[in-house]
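Undergrad: This structure is in structure tokens; I'll ask about it shortly.
The values are calculated or read from the model by the stated rules, or taken from the named source; none is laboratory data. As the structure is a prediction and not an experimental result, all values here were calculated from the model. When we count neighbours, we look across all protein chains shown, and the Cβ atoms used for this are built from the backbone with ideal geometry, even at glycine. Just the protein is used for accessible areas: all its heavy atoms, side chains included, with ligands, DNA and RNA removed. Shrake-Rupley method; radii C 1.70, N 1.55, O 1.52, S 1.80 Å.
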Amino acid sequence: MASVSRIGGHALAALLPDLHAQRGPVYAALCDAITALILDGRIATETRLPSERELAGALLISRATVTAAYDALRATGFLASRTGSGSFATVPAGSRPRSTVARWQVGEQADDVIDLARAALPAPPGVLQAAVVEAAAALPLYAETDGYDPDGLPVLREAIAERFRSRGVPTSAEQIFVTNGALHALDLLLRLLIGPGDCILTDLPTYPAALDAARRMGARTVTVPLAATGSWDVAALRSTLRQTTPRLAFLVPDFHNPTGALMDEADRREVFRAARQTSTTVIVDESFVELGFVDGARPSAAIDPSVVTIGSLSKPVWGGLRIGWVRASSELVQRLAVLRSSVDMGGAVLDQLVAASIMPQLDALMPARILALRRQRDALMNALARELPEWRVIEPLGGLSLWAELDAPLSTRLSLLAAPAGVVIVPGSRFGVDGTLERFLRIPFALPPDRLTEAVSRLAAVWSQLDRSGAPARQLVVA
């Protein structure tokens, strides 16, 4: 079978954490790191890995160390060697793909597994059922047409535009483009606005799927770490914009994924002003904007009308309702519709009618949603303070997850050992681009309090087994 791609030694080395940051054999750390990269999709299956000699040279380690790591990967089913062709990334037989940042489920999943790879909620009781009934009643009228609307049903575009207007952002239906979720929106924008080699600026940490989408486009990603306080380093953002003049900037200023931070209006103004000076198009992801524990900031598009906004119903309502959108100029919306028509004739009519029924209900639905999330967040933070007091956690102001700083850079090792203990969790390095963030862990609080408390207890038991005595001193920034 031909490989999907090949990853070179230096490219793979850039994805790996510091292999010397933990006690124990370097080959075992290398095996663990490559396993994690395959499990979360940063190395796709059927990718040809570098030769042992090439990787050893890139990592400045012995070839014997790489050989031992590759042998271990073959033994566990994560590497397949083919005579005359090389070594290829694979997964053990029986593995199943997942729709989260943990891309693969390996082996049989026990009944009592706690999944912390997902930052998503179940649907509010009764809401979808009622919306489906209303949508079904409206469907016969639409069934008389061909059903193709590349830019979205007018009724839904107007409902989304009205939501923006109610938040103080003048918006017409012609400025709304409906997609199959926020990631679909971002993917189309990247296809339209960038090419191979173009530069994209993002936060660090950031939404992993955004990094994946940029990588697929062949773009160069420049990251700006959040500050130690959990807020944005605006001076660093301004400086990076001036120095790199990126084509796009992808930011999550509203209850940031994964930290839950909120950028205030003054900081947004500064960042948007700097972006205009470098002719950088700013894409703001508002997927979590409805899920705040504090009052939100003024919408980005109200501060700077040139900002392109993406959002969806996946986080506030339900991930199974694949409805997202882009708010942009009408000219950009038309260009998106033309692009979409070449690969996708439009979204499902029934789903869009369901979404049009739900949009006006968001203000009524969110208080109960946020109350439950606040309780879950507090339960998680209390459990972490009790079981893992050495971890540093900044209280998230909204969203669905918190960002924990561990007292040793062993996030990948923890995630691999947590799986047999019944906890699926993603290492912090998944939220960056260069093998860093090994000292961090995203922990969603989308589950009930008792499950979160049990998850922390299991993580603490695993963490206590790891040798952290050789770990370097705590770093002083969030990412």
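Undergrad: Per residue, how much accessible area does the chain show when a 1.4 Å probe rolls over the protein heavy atoms, in square angstrom? It would help to have the intermediate numbers written out before the result.
TA: On the way: 19320 Å² over 479 residues.
On a per-residue basis, the chain sits at 40 Å².
Undergrad: Okay, next question. Under 8 Å for C-alpha pairs, at least 6 residues apart: give me the relative contact order for region 369-449, rounded to a whole percent.
TA: Reported relative contact order: 33 percent.
Undergrad: Per DSSP H run of at least 4 residues, take -39500 (n - 2.57); add these up for the chain, divide by its residues and hand me the 222 nm value, nearest 500 deg cm²/dmol. The partial results should precede the final answer.
TA: On the way: 16 runs with 195 residues, N = 479.
Rounded to the nearest 500, the figure is -12500 deg cm²/dmol.
Undergrad: Just how much of Trp104 is accessible, in Å², when a 1.4 Å probe is used and the result is rounded to the nearest 10?
TA: 60
Undergrad: Then there is this: Checking the a/c ratio against 1.5 first, then a/b against b/c, what shape does the Cα gyration tensor give for region 320-475? Present the calculation step by step, with values, prior to reporting the outcome.
TA: Details: a/c = 2.69, a/b = 1.78, b/c = 1.51.
Note, shape of region 320-475 comes out prolate.
Undergrad: So for each of 427-439, 58-70, 82-94 I average, over its residues, the number of other beta carbons within 10 Å; can you give me the resulting order with the highest mean first? Don't jump to the answer; show the numbers that get you there.
TA: Values: 427-439: 24.1, 58-70: 17.7, 82-94: 13.3.
Going by the mean number of other Cβ atoms within 10 Å, highest first, we get 427-439, 58-70, 82-94.
Undergrad: What's the center-to-center distance, using Cα atoms, between region 318-372 and region 199-223 in Å?
TA: Value for the Cα centre distance between the two parts: 23 Å.
Undergrad: Which whole-number percent is the relative contact order of region 278-428 (Cα, under 8 Å, 6+ apart)?
TA: Values: 139 pairs, mean separation 29.7, N = 151.
Reported as a whole number, the value is 20 percent.
Undergrad: Using the Karplus curve 6.51 cos²θ - 1.76 cosθ + 1.60 with θ = phi - 60°, work out ³J(HN,Hα) for each residue of region 39-46 in order, rounded to whole Hz, and write x for Gly and Pro.
TA: Running phi through 6.51 cos²θ - 1.76 cosθ + 1.60 with θ = phi - 60° gives 4, 9, x, 5, 10, 6, 4, 6 Hz.
Undergrad: Please list the non-local residues whose amide H lies under 5 Å from the amide H of Thr221, H modeled 1.01 Å from N, same-chain partners needing a gap of 5 or more.
TA: So Thr221 has HN proximity to Ile200.
Undergrad: Could you give the dipole magnitude of the chain about its Cα centre, charging the beta-carbon of Lys and Arg +1 and that of Asp and Glu -1, in debye to the nearest 20? Walk me through the intermediate numbers first.
TA: Working: 47 positive and 49 negative charges, 210 e Å.
In total the dipole reaches around 1000 debye.
Undergrad: Same structure, new question: Answer rounded, prolate or oblate for region 9-67, using the Cα gyration tensor with square roots of eigenvalues a ≥ b ≥ c: rounded when a/c is under 1.5, else prolate when a/b is larger than b/c, else oblate. Before the final figure, lay out each step's value.
TA: Numbers: a/c = 1.80, a/b = 1.20, b/c = 1.50.
Taking the square roots of the gyration eigenvalues as a ≥ b ≥ c, region 9-67 is oblate.
Undergrad: With an 8 Å Cα cut-off and a minimum separation of 6 or more residues, compute the relative contact order for the chain in percent. If you can, show how the numbers build up before the last one.
TA: Details: 928 pairs, mean separation 94.4, N = 479.
In percent, rounded to a whole number, it is 20.
Undergrad: For Ala249, list long-range residues whose amide hydrogen, built 1.01 Å from N in the peptide plane, is under 5 Å from its own amide hydrogen.
TA: It is Leu201, Thr281, Val282, Ile283, by chain and number.
Undergrad: Another question about this same structure. Rounded to whole Å, give me the distance from the Cα center of region 374-443 to that of region 269-285.
TA: That distance is 31 Å.
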